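Enquirer: Take this structure, written in structure tokens, and hold onto it; I'll ask about it next.
Every number here is computed from the coordinates shown, using simple stated rules; none is lab data. Note that the structure is predicted; figures quoted are calculated from it, not measured. Because the Cβ atoms are built from the backbone with ideal geometry, glycine has one as well, and the counts that use them run over all protein chains shown.
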Amino acid sequence: MDQPAATGDLDPRTPVLVGVGQASERLGQPGYQRLSPVGLAADAALGALVDTGADPAPVSAAIDTVAGVRQFEISNPAARAPLGRSDNYPRSVAARIGAAPARAVLEVVGGQAPQHLVNEFAGAIAAGGSDVVLIFGSEAISTIEHYATAGDRPDFSEHADGSLDDRGYGLRGLVSMQLAAHGLTDAPSQYALAENARRARLKLTRDEYAAAMGALFAPFTQVAAGSPHAAAPTARSSAELITPTESNRLIADPYTRYLVAREKVNQGAAVLLMSAAAARRLGIPADRWVFLHGHADLRERDLLDRADLSSSPAAVMAARHALEVAGIGAGDLATIDLYSCFPAPVFNICDGLGLPPDDPRGLTVTGGLPFFGGAGNNYSMHAIAETVQRARANPGSFGFVGANGGIMSKYSVGIYSTTPVAWRPDASAALQAEIDGWAAPAQARHADGWATIETYTIKHGRDGARTGIVVGRLEKDGRRFVARSDDRDTGIVDLLAAGEPIGERVHVRSFGFGNRVTTSGAQMDKLFPPEPAVLRDRYEHVLVRRDGHLLEVTINRPEARNSLHPAANEQLDHVFDAYFADRDLWVAILTGAGDKAFSAGNDLVYSASGQPVWVPKNGFAGLTSRRNMHKPVIAAVNGYAMGGGCEIALACHLVVADSTAQFALSEVRVGLVAGAGGVVRLPRTIPPRVATEMILTGRRITAAEALGYGLVNRVVPAGFALEGARALAAEILDGSPTSVRISLQLMEETSGIPGTVDAVTHPTTAFDDLMTSHDAIEGMTAFAQKRRPQWRNQ
């Protein structure tokens, strides 16, 4: 593609970078001011205005859009700001520099954000959607952590008027309940999975790979040592980086502390973009102009959906495509900055582009995230600022910035040069469609049996505790799973800590709290002895009463309105395991202690306590996800059946309610959803529009309404729910338990068959089982002999 010979030949809508700025401070250093994130970003933004070489005031007044990168303290819904924060970060920064933009944007989470915003708004400028755009980000984590509990702590709270285009956290695909259940909530552990998979792919020993990581990052420390903005400006040798010491403790195998991103920083950076026409109008000298020659933004498949856990081909595609758009190759680059939160993303791009890890050009212009500092999501804004300055110092050269977000999940690339060039659109959308079509390995949420280790890590606590985490493949069907070691099991951790565990055979078993992995089935049985499906003599949170063939189960937490926490759920699960396994128990009744509530559902007080929250594999109360419920369970609803309590009632075959009963799926009122079957079962039980209203509003319905809608079978006077359930159970017990069981089996088998005749003629062995049963013969014989049948459930 032809390039304009000079800036005067450019389309006036051509986007140009005209100013960059950085700000930083370190605790205890001269000039330390305890700046807030807003203050740091504002200082960087002022620096960018000055860097244009024009009068800052009119340049600031011309800004029509500001875009902010999220700080860590606003990067997830659970994050806290102990010193306070702005309620409109982009506009707070704008106000500090005297700008009054028409639009303010707060970008999604991820280290790709700075480069992505440059790419996005450069395109918007070229399309005429914006004219002058200021992009910035900052972190004051070092100050915030230092003063969080201090008596003289500063107050960073502030209000800014004006609209805000808040794009949300953007965490979808980066966080999952499955990963969290197995300890994969932190970046080091997840990157370690990729690192160890890459080591095994390259057939390197642990020592060889550690040496490679040290050799990669040692030059980074030298660059950081020369940077005025680096958080840790200390040159270190390869051996220092990889050798565990008191100050360089193990974090997650194979990482020591020095090999992971340093988040305790006080840093800000800003970039000013505008159209060529605006740059001319504002009098910005042409020697300040830097052009975006190539760019790309791609997203990798979610972690467990990747065919190869050792790499991110999407990130490599983004790098290659940006170079293609720029019309150059990797050999044409003068400067390179590869996002370096850990070695893995650096190695990934080196592998993909054929760059040697010891490339004489260097792989960072700042010193990298572990040494310059991982300024939250904003690190690459600093890389862009440094790249722009170097491009100006070496006119006509090309600089590469690769920005990474998530677990090598999002990758944005920019190619910068002072050489004038027209805006070049990229083909990221077409490439993304290709990526989205890649096949993903089948996964086993609940994994059981022998398996092979695909990759792994060991998390090291400050107290010396070690937890092994394994991603593996089941031998029986090849499905991928994630599992962790039990805290009592040192054998599996020892296996992971020595030699080459990848490819080793291990044993995995699933529980409500997640998958556990160990060295053998025998060891698993030792750690988790199988409990017989026989009723215990006593339960802490549940009462059981056996009356002939009837089992009465009472949730015994009246002080908590019979809400359920993990221990109560586990005990109910065991009770119903025993019920369905016991041939002498034919009908069960479930009720709640006291007269206030059948069950208020999930124990939200417990959930908010920070203790582990999980439910059995068979679901809430051991019922909502249970399959093959071929013996009847009757809910005797006394008082409230709210949220999970209503879901339990829906999972029962029959419901008897007293006149005080109220039913509701109230989860939306506390920010949750009825995920234990409520959103599925309620529309299949009552009129769909009524169900939808209840689900979306949390509306309560009375026992009489529930009866009218078909949610309840019978309504009895207040206080008589259990007696009413017993009467219904007696009617069921008059019939053949074999017939009852097979009837429920047939109903379950055919529930998903839409055609009536198809359902009636559905092939089944149930009728064979019935006609060869004692109860079928006994029933017909007793009828002929005019006597009561003697059922045996055989």
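Enquirer: From the phi angles alone, apply the Karplus equation (6.51, -1.76, 1.60; θ = phi - 60°) to the range 652-661 and give each ³J(HN,Hα) in whole Hz, x where the residue is Gly or Pro.
Expert: Working through the residues one at a time gives 6, 6, 9, 9, 10, 10, 7, 5, 8, 5 Hz.
Enquirer: Please list, by residue number, every one of the trypsin sites (Lys or Arg not before Pro) in the range 523-619 that is coil in DSSP and has at most 16 other beta-carbon atoms within 10 Å.
Expert: When the trypsin sites (Lys or Arg not before Pro) of the range 523-619 are filtered for loop state and at most 16 Cβ neighbours within 10 Å, 536, 538, 583, 596, 617 remain.
Enquirer: Whose amide H sits under 5 Å from the amide H of residue 589, counting only residues 5 or more places off or on another chain, with H placed in the peptide plane?
Expert: Sorted by chain and number, the residues that satisfy this are 551, 552, 553, 634.
Enquirer: Can I ask one more? Using Cα atoms only, what is the angle between the long axis of helix 206-225 and the major principal axis of the chain, expressed in degrees (0 to 90) to the nearest 10?
Expert: 40
Enquirer: Search the structure for amide H atoms under 5 Å from the amide H of residue 251, placed 1.01 Å from N in the peptide plane, and list their residues when 5 or more places away or on another chain.
Expert: 256, 257
Enquirer: Relative contact order (percent) for the chain, with alpha-carbon contacts under 8 angstrom and 6 or more residues of separation?
Expert: Working: 1786 pairs, mean separation 85.9, N = 794.
Taking the mean separation of contacting Cα pairs over the length of the chain, I get 11 percent.
Enquirer: What is the spread of the Cα atoms of the range 263-313 along each of their three principal axes, largest first, in whole Å?
Expert: For the range 263-313, the Cα spread along each principal axis is 52, 31, 15 Å.
Enquirer: Given N residues in the range 90-181, what is Rg(Cα) / (2.2 N^0.38 Å)? List each step's numbers first, then the result.
Expert: Numbers: Rg = 16.9 Å, N = 92, 2.2 N^0.38 = 12.3 Å.
So the range 90-181 has a normalised radius of gyration of 1.37.
Enquirer: Test of the criteria: in the range 408-512, which GluC sites (Glu not before Pro) are in a DSSP loop and have at most 15 other Cβ atoms within 10 angstrom of their Cβ?
Expert: Filter output for the range 408-512: 475.
Enquirer: Then there's this: By how many nm would the segment from residue 245 to residue 792 lengthen if fully extended, with 0.36 nm per residue of separation less the alpha-carbon distance?
Expert: In short, 189.9 nm is gained.
Enquirer: For the range 496-613, with equal point scatterers placed on the C-alpha atoms only and solvent neglected, what are the log10 I(q)/I(0) values from the Debye formula at q = 0.17 1/Å, to two decimals?
Expert: For the requested q values the scattering log ratios are -0.94.
Enquirer: Further question on the same structure: Given a Förster radius of 41 Å and the C-beta distance between residue 153 and residue 9 as r, what FRET efficiency does 1/(1 + (r/R0)^6) yield to the nearest 0.05?
Expert: After rounding, the FRET efficiency stands at 0.15.
Enquirer: Check each of the trypsin sites (Lys or Arg not before Pro) in the range 172-255 and keep only those in coil by DSSP with at most 12 other C-beta atoms within 10 angstrom; list them in order.
Expert: Loop-located and lightly packed - 203.
Enquirer: What FRET efficiency, computed as 1/(1 + (r/R0)^6) with R0 = 51 Å and r the Cβ-Cβ distance, is obtained for residue 171 and residue 583, rounded to the nearest 0.05?
Expert: On the way: r = 49 Å, r/R0 = 0.96.
After rounding to 0.05, the efficiency reads 0.55.
Enquirer: Using only the Cα atoms of the range 550-690, what are the Rg and Dmax in Å?
Expert: When restricted to Cα atoms, the range 550-690 yields Rg and Dmax of 14.1, 43 Å.
Enquirer: Towards the positive end of the charge dipole of the range 688-794, with charges on Cβ (+1 Lys, Arg; -1 Asp, Glu), say which of 789, 698, 724 has the farthest Cα.
Expert: Farthest towards the positive end: 724.
Enquirer: Around residue 486, which amide H atoms from residues at least 5 apart in sequence, or from another chain, sit under 5 Å from its own amide H, with H modelled in the peptide plane?
Expert: Amide H to amide H, under 5 Å and 5 or more residues apart or across chains, residue 486 pairs with 517.
Enquirer: Using the Karplus equation 6.51 cos²θ - 1.76 cosθ + 1.60 (θ = phi - 60°), what ³J(HN,Hα) coupling, rounded to whole Hz, does each residue of the range 444-450 give in order, writing x for Gly and Pro?
Expert: Coupling constants for the range 444-450: 10, 5, 10, 10, 9, x, 6 Hz.
Enquirer: Semi-axes of the range 659-732's equivalent ellipsoid from the Cα gyration tensor, sqrt of 5 times each eigenvalue, largest first, rounded to whole Å?
Expert: One finds semi-axes of 25, 13, 12 Å for the range 659-732.
Enquirer: Say the dipole of the chain comes from +1 at the beta carbon of Lys and Arg and -1 at that of Asp and Glu; which of 575, 20, 164 then lies farthest toward its positive end?
Expert: 575
Enquirer: Sticking with this one: How fast does the range 323-454 diffuse by Stokes-Einstein, in µm²/s, taking the Kirkwood radius from C-alpha pairs at 20 °C and 1.002 mPa s?
Expert: Translational diffusion coefficient: 128 µm²/s.
Enquirer: Give me a comma-separated list of calculated 3J(HN,Hα) values for the range 314-328, in order, Karplus coefficients 6.51, -1.76, 1.60 applied at θ = phi - 60°, integers in Hz, x for any Gly or Pro.
Expert: So the Karplus estimates, Gly and Pro as x, are 5, 5, 5, 4, 5, 5, 5, 5, 4, 5, 5, 4, 6, x, 10 Hz.
Enquirer: Follow-up. Relative to the present Cα-Cα distance, how much length would full extension add between residue 608 and residue 277 at 0.36 nm per residue of separation?
Expert: Length gained between residue 608 and residue 277: 113.7 nm.
Enquirer: Same structure again: Treat each spin label as a single point 7 Å out from the Cα along the C-beta direction, and report the residue 307 to residue 528 distance in nm.
Expert: 3.2
Enquirer: Using R₀ = 25 Å, calculate the FRET efficiency as 1/(1 + (r/R₀)^6) where r is the Cβ-Cβ separation of residue 287 and residue 33; round to 0.05. Intermediate results must be reported in sequence, preceding the final value.
Expert: Values: r = 32 Å, r/R0 = 1.29.
Approximately 0.20, to the nearest 0.05.
Enquirer: So what's the net charge close to residue 626: Lys and Arg +1, Asp and Glu -1, counting the other residues with Cβ under 12 Å from its Cβ?
Expert: Spelling it out: positives minus negatives among the neighbours equals 0.
Enquirer: Could you give P(r) for the range 693-794, binned at 5 Å from zero, as whole percent values over all Cα-Cα pairs?
Expert: 2, 10, 13, 13, 14, 15, 15, 10, 4, 2, 1, 0
Enquirer: Kirkwood hydrodynamic radius, the range 156-242, all distinct C-alpha pairs: what's the number in Å?
Expert: Hydrodynamic radius (Kirkwood, Cα only) of the range 156-242 equals 17.0 Å.
Enquirer: Then there is this: Say the cut-off is 30 Å between C-alpha atoms; which of 631/786; 410/617; 526/596; 459/617; 203/476; 410/459 go over it?
Expert: Flagged as over cut-off: 410/617; 526/596.
Enquirer: Let me ask you something else. Using 19 Å as the cut-off for backbone N distance, which residues of the range 478-505 belong to the label zone defined by a point 7 Å from the Cα of residue 203 along Cα→Cβ?
Expert: Counting only backbone N, you get 499-504.
Enquirer: If you don't mind, there's one more thing I want to ask. 222 nm [θ] for the chain, helices only, -39500 (n - 2.57) per DSSP H run of 4+, per residue, to 500?
Expert: -10000 deg cm²/dmol
Enquirer: Can you tell me what percent of all Cα-Cα pairs in the range 1-77 are more than 16 Å apart?
Expert: It works out to 67 percent of all Cα pairs.
Enquirer: If the chain between residue 50 and residue 536 were fully stretched, how many nm would it gain, using 0.36 nm times the residue separation less the Cα-Cα distance?
Expert: Details: separation 486, 0.36 × 486 = 174.96 nm, distance 7.62 nm.
Full-extension gain reported as 167.3 nm.
Enquirer: Right, next: For the range 297-363, what mean projected area does the convex hull of the alpha carbons give, in nm²? The partial results should precede the final answer.
Expert: On the way: hull surface 18.9 nm².
Averaged projected hull area, Cα only: 4.7 nm².
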